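Report on the structure given below.
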Amino acid sequence: MIVATHWHDDHIRGLGRLVEVCKSAKFCCAKTLLNVEFIAFVTQMATGSVATHGAKLREFSKIFKALQQNGRTAKYASGSRILMSWLLADNEKNGSCRLLSLSPSDRDFELFTQMIVDMQPKPNSPKRSASSRNENLNSVVLHLSLADCSILLGADMEVHHEQERGWNSVLTEAANSTVTPSSIYKVAHHGSVTGHHEEIWSALLHPRPICLVTPFNRLPESKKLPTEVDIDRLLGKGRLILTSPRSSKKSKQRDPAVVRSLRESQIVIRELTSAIGMTRLRRKANSVQHWNLEIFPPAQELISSPK
Ligand SMILES: [Zn+2]
């Protein structure tokens with residue numbers, strides 16, 4: 001199953017191609033993402049002064065087309081929805097597996113839909129870009145139970161003070177569905193404090209779980225995620241693996257002649273985003289084995305706080 005957790009570029013880029021190639025894979029996203037109003041909204045936002053959504057639109061139409069071509073229907077995630085369940089072939093007694101979505105909450109879904117209606121460009125008024133906070137609260141948090149172990153995938157979910165929104169709602173849904181504590185956690189929102197809820201660690205996770213963080217390097221240095229404070233907090237919670245290094249400030253050294261001619265030709269050079277690593281976790285179901293963790297550089301495990 002391929003899941004579009006939410007519609008931000010850093011989570012959906014390349015997804016259209018993936019859905020095309022993996023012909024028998026199921027596809028899942030939040031209810032809002034493939035509905036007519038949303039596509040119309042993205043289309044309208046894809047032109048003119050705030051044309052930042054063109055790439056997204058391309059991904060969505062690719063996904064749409066690929067699904068239609070071989071008669072697949074999207075599964076729509078929401079709180080406590082079983083997206084898939086199956087049995088381990090060789091062990092039917094203790095081998096039940098289940099993929100459960102824990103969000104978006106009804107309240108967040110309602111507010112997101114309302115936002116789309118409000119944001120539709122109106123005649124003679126400028127387009128505004130959508131609030132990204134609202135979008136993160138609509139991301140799909142997943143709980144995957146595989147026989148005797150569980151994995152929590154936190155997407156970009158954030159904390160909201162209302163009980164029916166964000167992590168508060170996820171925690172309620174998880175309690176209602178009696179999910180088992182997970183030993184692996186894909187840390188929410190790139191390790192940011194806005195995705196940190198203390199109860200995630202006490203109610204949804206085993207002590208000292210394996211924490212996987214995907215850094216977000218596209219913001220200015222001061223806003224890159226995770227911050228050093230985030231890293232310290234996460235090291236206090238479990239084993240911490242970053243899928244790529246936090247990019248450093250140091251830019252590439254070039255020959256002075258090259259620098260000069262670039263300047264004279266008014267060419268501005270921008271560093272590409274850092275390379276992406278990978279982590280792989282394997283374990284035999286129903287065994288006493290621990291997870292076998294493989295880290296492919298530049299992914300790295302952080303051992304102590306980088307000071
Ligand atoms: Zn993100």
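Identify the single condition in (1) more than 14 Å from the chain's Cα centre (by Cα); (2) within 16 Å of the ligand (Cβ to nearest atom); (3) crowded, with 17+ Cβ neighbours inside 10 Å that Arg107 does not satisfy, given that it satisfies every other one.
The one condition Arg107 does not meet is (2).
If a residue has to be more than 15 Å from the ligand (Cβ to nearest atom), touching a helix residue (DSSP H, G or I) at 6+ places or on another chain (Cβ under 8 Å) and modelled with pLDDT under 90 to count, how many in the stretch 121-168 make the cut?
5
Identify, from the list Thr5, Thr32, Thr43, the residue that is of a type in the set (S, T, N, Q), modelled with pLDDT under 85 and either within 16 Å of the ligand (Cβ to nearest atom) or over 28 Å from Asn176 (Cβ atoms) (or both).
Thr43
So which helices (runs of 4 or more DSSP H) stay within the stretch 165-283 end to end and still have 2 or more residues that are over 23 Å from Leu100 (Cβ atoms)?
Passing ranges, in order: 228-235, 256-264.
Please enumerate the residues belonging to the stretch 197-214 that are among the aliphatic types (A, V, I, L, M) and either free of Cβ contacts under 8 Å to residues at least 40 places away in the same chain or farther than 24 Å from Pro245 by Cα (or both). Reasoning before the result, please.
Here is the first cut: in the stretch 197-214, the ones among the aliphatic types (A, V, I, L, M) are 200, 203-205, 210, 212-213.
Matches in the stretch 197-214: Ile200, Ala203, Leu204, Leu205, Val213.
Mind checking which pairs have a first residue in the stretch 162-187 that is aromatic (Phe, Trp, Tyr) and a second that is in a helix (DSSP H, G or I), Cβ under 7 Å, 6 or more apart or different chains?
Close Cβ pairs (under 7 Å, with a partner that is in a helix (DSSP H, G or I)) amount to Trp167/Ile200.
Please verify whether Glu173 is out of contact with any strand residue (DSSP E or B) (no Cβ under 8 Å at 6 or more places or on another chain), at pLDDT 95 or above and away from the ligand (no atom under 16 Å from the Cβ), treating the condition exactly as stated.
Yes.
Could you please let me know if Lys65 is over 16 Å from Thr5 (Cα atoms), at pLDDT 70 or above and of a type in the set (D, E, K, R)?
yes
The values are calculated or read from the model by the stated rules, or taken from the named source; none is laboratory data. Small disclaimer: the values here were computed from a predicted structure and weren't measured. Reconstructed Cβ throughout: ideal geometry from the backbone, glycine too, with neighbour counts over all protein chains shown.
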